[in-house]
Structures are given as C-alpha cells and as structure tokens.
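Quick note: the coordinates plus some simple rules give every number you see, no bench work behind them. Quantities reported herein were computed from a predicted structural model and do not represent experimental measurements. Methodologically, a virtual Cβ is constructed for each residue, glycine included, from the backbone with ideal geometry; neighbour enumeration extends over all protein chains shown.
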Amino acid sequence: KLSGMDEATLPEICTKIKFIIAEMLEKLANNLEIYFSPIMENFNTVEMTFPSGKVITVAEVQENVRSNLKSLLAMMANVMKQMESLDVFLEKLGQTIQEAVDEAQKFVDAIKSNILEAIAAPLNTFYTTLLS
C-alpha cells in the first residue's frame, strides 16, 4: 500500500509513484544550492587553465554543473509527469543517465588532463634544467 491509497490498481500505483518521484526531483533541483555550497565553498578561488589557455575558476565550474544538473533534474521530473508507462520511462531514464555520465566523463577527462599538464610542465622544466 502507498500512503493515501487504500486499494489501487497497478496503473494507479505506477502513476502515484511517478508523481512522487517527480516531486522529489523537483525538490532536489530547487535545493541544489544547499547540497553544493558546503562542498564547493573551499574551492571557489581555485583556477583551472585549459589547453586553449582559457582560465576558469572552480566557482564558474560549480555554476555550470549546478545549472546543468538543475536542468537535468527538471527534465527528468517532466518526463516522470508525462510518462505513459514504466518501461518507456526506464528506457528514457537510462538514456538520460547515460548522457549525463558521458558528459561528466568528458568533464573529468578534461580536468585530469589539465591537472596532469599543470604538474608535468614544471617537472619537465626541472628535468630539462637538471640534464643541462
């Protein structure tokens, strides 16, 4: 039994569940600041330099991540509300999550390469100086 439902058919239960999930996603999207701030406040002044030479702060990255995550959660909430059946939802959710994972992986790969470059450049200079 679900709270607020004495007896229900499977489609009614699925409808109730999808609206509960949609509501939870909307609340999460609306409270994203609460979750991000404590984690990121220590890194706001850190800057990253991309191979292109562009410099961005962690605060800018945080804002981009927050914005994209908020959009993603809102999109997922809308999908939940408009979902016709559970199998269609699960398929769309899987695709959405895969896209989010792919984008996150690209971001992590970019950070890894920037960090490695930032560490490797001074080491290479030191090594070259040492050999000279």
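Structural remarks
- The equivalent ellipsoid of region 63-102 has semi-axes of 21, 12, 4 Å, largest first, where each one is the square root of 5 times an eigenvalue of the Cα gyration tensor.
- Spin-label pair E12/E84, simplified geometry with 7 Å Cα→Cβ offset, distance in nm: 2.4
- Most mobile of K18, K54, K106 in a GNM of the chain (Cα contacts under 10 Å): K54
- Selection from P51, T125, V65 lying farthest towards where the dipole of the chain points positive, charges on Cβ: T125
- Cα gyration tensor category, rounded, prolate or oblate, for region 53-132 with a/c compared to 1.5: prolate
- With R₀ set to 35 Å, the beta-carbon distance separating K27 from D109 gives a calculated FRET efficiency near 0.65.
- Taking a Cβ cut-off of under 13 Å around A74, the surrounding Lys, Arg, Asp and Glu residues balance to a net charge of +2, with basic ones at +1 and acidic ones at -1.
- Simple spin-label estimate for F50 and S67 in nanometres, 7 Å along Cα-Cβ: 1.3
- Computed over region 10-96, the P(r) tail beyond 14 angstrom holds 70 percent of alpha carbon pairs.
- Think of each Lys and Arg Cβ as +1 and each Asp and Glu Cβ as -1; about the Cα centre, that makes the dipole of region 10-96 roughly 80 debye.
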